[in-house]
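Below: the structure, in structure tokens.
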Amino acid sequence: MLFKVLADVFEKIEATTKRLEMTDYLVELIKATPKESIGKVAYLTTGTLYPPFMGIELGVADKLCQKAISIATGFREEIVEEDYKKSGDLGKTAEDLLAKKAIRTLFHRPLTLDRVYGTLEKISQAYGSGAQEAKISHLAGLLSDADPKEARYIVRMALSKLRLGVADMTFLDALAIAFGGGKEYREAIERAYNLTSDIGYVAETIAKGGIDAIRQVKVTFGRPIKPQLAERLSSLEEILEKLGGKCSAEYKYDGLRIQAHIQGSSVILFSRRQENITSQFPDLVDALQNAIRAKEAIVDGECVPVDPNTGDLLPFQVVSQRRGRKYDIEKMIGEIPVVLFLFDALYVNGEDLTLKPYLERRKALEAILQETECIRIAEKIVSDDSKEIEAFFHKAVQEGTEGLVCKAIGPNSLYEAGKRGWLWIKWKRSYRSEMVDTVDLVAVGAFAGRGRRAGSYGALLMAAYNPKDDVFDTVCKLGSGFTDEDLARLPELFKPFIIDHKPPRVNALIKPDFWLQPVKVLEVIGDEITLSPLHTCGFNAIRQGSGLAIRFPRLVKFREERVPEDATTVEEIVDMYRRQLKRVESET
Ligand code: AMP
């Protein structure tokens, strides 16, 4: 397959502002791709080379890329740098300079997809002495044979800055349409993806074995399963009603979600975003080897820091200090020990448990777990008595947790990988008024700052996630709660995500000064939710011609560990508004 086919589609995708059009282009691309190349196309189109859990990033540095462009185009490095300063995009610079190059290489070979992918792989695997030179020569080699448009995308891929805005879910939509269509296909494909977190593997499976092969996909050691997430409600009556009158009520530990894969002496820990975080928790790796009495298992839990002096649970922020600090971990293990509270088993000794009801999975977990000081089982009661559950809630809060996660226990209470559904419902301590609780929103635009904020941003346009249409609907302008430090770093932080037109997955009536690709998630608190004709969140859901807005929003914190699809959904915000109305009515 020629790389040109991919570059042509990338160009069309880049130019569109419509989500459906984007899907159409992807369908076209998938149909034009031979079976054996579909995995590579899936990774490259979604901006990666491998699934996220492999932890391999291309991330070639700007300087190195400039050298490669200079070699391939024959222009001096200073000229490359100058052009880059003007364009702000090395991809464009490579394209422009290549177009200006008077003589093309004599033996110009058209680039194939396999060659581009293979060379990017080599670049990602170059380590040690001589790695820089090797990377430059690989990249320069590719660019020498590229036409200008191909060069634009090769450079962006090498920099890990392709950013076409093709989310994995969009690609799955396109796969479903290309290979048969219909809701049933879409659901089966999504489940296979949620069980494996590997878009390339899913694409290859359907291309080679059709929908039957997709239905056979099972959880496996070493491939992270997308975690099941919880919905929220603010009263126990509603929770019990949703769960059929009886549930398993469990402590909601406030820490870091960890999925542990154990196979003999091998242990792999995955984060909520499917990153391999094993090296940050050597203490848990050792402890899991002793605590899990099975040849093979995949278990799910929450890792919480504890005060070594009192044994009290500590706030989540303390664990997050471990992240990214490769060298201090040994020291931190002593200072801030952690406990992993396990609450689910997804796989034991070759058996996929994800389709079993919750209490069966929990029993399987209890059967293989020998509790230790740092690997424990999550506290739970199974009850239909609201008084008993309420007392348990107060106990949970007293012991330093966030409240409860109430879980369905009926025959359909399977593990819904990657879904935020009504099988798990959180009941958190601060639900007096809905906006006492925070929401997670995605930045989709920025407004230039004035006065004291000149040079930075005055506000960000924030959006909730609308999973039905896979778009982001705006809900407020966020300008408060930023520290001076935050403000100073905002432009730098968001610069890589600025694009010159409305991103196709953003649904907005307001036009900001800069559009942003929906990538960054921020936790926000406001005073209340009001009707607003300016925002698209919940448009027409409550009143015709009106959406919903969060009044007086303030930043709580950046949510680096969340992906945009983890953001609070439009439906949740509509629900919060309805509840707020009810409360106001009952108080007056
Ligand atoms: P939230 O992040 O507010 O959507 O709440 C859901 C999160 O609570 C899950 O992703 C887990 O990380 C965490 N959690 C803590 N305790 C439990 C538990 N017993 N069962 C399920 N999730 C839990």
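The values are calculated or read from the model by the stated rules, or taken from the named source; none is laboratory data. Note that this is a predicted model, so its numbers are computed, not measured. Quick reminder, even Gly has a Cβ in these numbers, built from the backbone with ideal geometry, and neighbours come from all protein chains shown. Remember, those area values only see protein heavy atoms, side chains included, never the ligands or the DNA or RNA. Shrake-Rupley method; radii C 1.70, N 1.55, O 1.52, S 1.80 Å.
Quick notes
- Accessible surface of region 3-158 [probe 1.4 Å, protein heavy atoms]: carbon and sulfur percent: 55
- Residues with amide H under 5 Å from that of VAL471, placed H, sequence gap 5 or more: ASN466
- Computed [θ] at 222 nm, deg cm²/dmol, the chain (DSSP H ≥ 4; -39,500 (n - 2.57); rounded to nearest 500): -12000 deg cm²/dmol
- For region 439-587, the relative contact order is 28 percent, taking Cα pairs closer than 8 Å that sit 6 or more residues apart in sequence and dividing their mean separation by the residue count.
- Given LYS92/LYS557; LYS218/LYS428; LYS31/LYS161; LYS12/LYS218, the pairs whose alpha carbons are separated by over 31 Å: LYS92/LYS557; LYS218/LYS428; LYS12/LYS218
- Bridging of LYS502 to aspartates and glutamates at a Cα separation below 19 Å is possible for GLU11, GLU14, GLU21, ASP24, ASP89, ASP469, ASP470, ASP473, ASP513, GLU565, once same-chain residues fewer than 8 apart are set aside.
- Prolate/oblate/rounded call for the chain, Cα gyration tensor, a/c under 1.5 rounded: prolate
- Proximity of backbone amide H atoms, modeled 1.01 Å from N, is registered between VAL556 and GLU523, VAL524, ILE525 at under 5 Å, excluding neighbours fewer than 5 places apart on the same chain.
- Exceeding the 18 Å Cα-Cα cut-off - candidates LYS419/LYS582; LYS477/LYS511; LYS426/LYS468; LYS40/LYS208; LYS419/LYS468; LYS86/LYS135: LYS419/LYS582; LYS426/LYS468; LYS86/LYS135
- Under 5 Å from the amide H of SER160 lie the amide H atoms of GLY59, VAL60, each residue being 5 or more positions distant or on a separate chain, with H modelled from the backbone and absent for Pro and chain starts.
- Positive-end residue, the chain charge dipole about Cα centroid, Cβ charges, pick of LEU509, ALA146, GLN263: ALA146
- Per residue, the solvent-accessible area of the chain (1.4 Å probe, heavy atoms of protein chains only, all protein chains present) comes to 44 Å².
- The charge dipole of region 1-154, taken about its Cα centre with unit charges on the Cβ atoms of Lys, Arg (+1), Asp and Glu (-1) only, comes to about 200 debye.
- Computed 3J(HN,Hα) for region 558-568, one whole-Hz value per residue from the Karplus formula 6.51 cos²θ - 1.76 cosθ + 1.60 where θ = phi - 60°, is 6, 10, 4, 7, 9, 8, x, 6, 7, 4, 4, glycine and proline marked x.
- Exposure check, 1.4 Å probe, all protein chains in place: LYS218 carries approximately 110 Å² of accessible surface.
- Surface share of carbon and sulfur [accessible, 1.4 angstrom probe, percent] for region 229-428: 46
- Separation of region 75-89 from region 165-233 is 41 Å, based on Cα centroids.
- The chain - percent relative contact order, Cα under 8 Å, separation 6 or more: 12
- Each of TYR465, ASN290, LEU404 was placed along the dipole of the chain (beta-carbon charges, centred on the mean Cα), and the one lying farthest toward the positive end is TYR465.
- Sparse-neighbourhood loop sites, GluC sites (Glu not before Pro) in region 6-70 - DSSP loop, at most 15 other Cβ within 10 angstrom: GLU57
- When the Cα positions of LEU64, ALA7, HIS108 are compared along the charge dipole of region 3-158, HIS108 comes out farthest toward the positive end, with charges on each C-beta of Lys, Arg, Asp and Glu.
- Working ranking of peptides 170-176, 527-533 by packing, defined as the average number of other Cβ atoms within 10 Å per residue, highest first, is 170-176, 527-533.
- The dipole here belongs to region 439-587: it is taken about the Cα centre, uses +1 on the Cβ of Lys and Arg and -1 on the Cβ of Asp and Glu, and is about 460 debye.
- Cα centre as origin, Lys/Arg/Asp/Glu Cβ charges: the chain dipole, Debye: 1220
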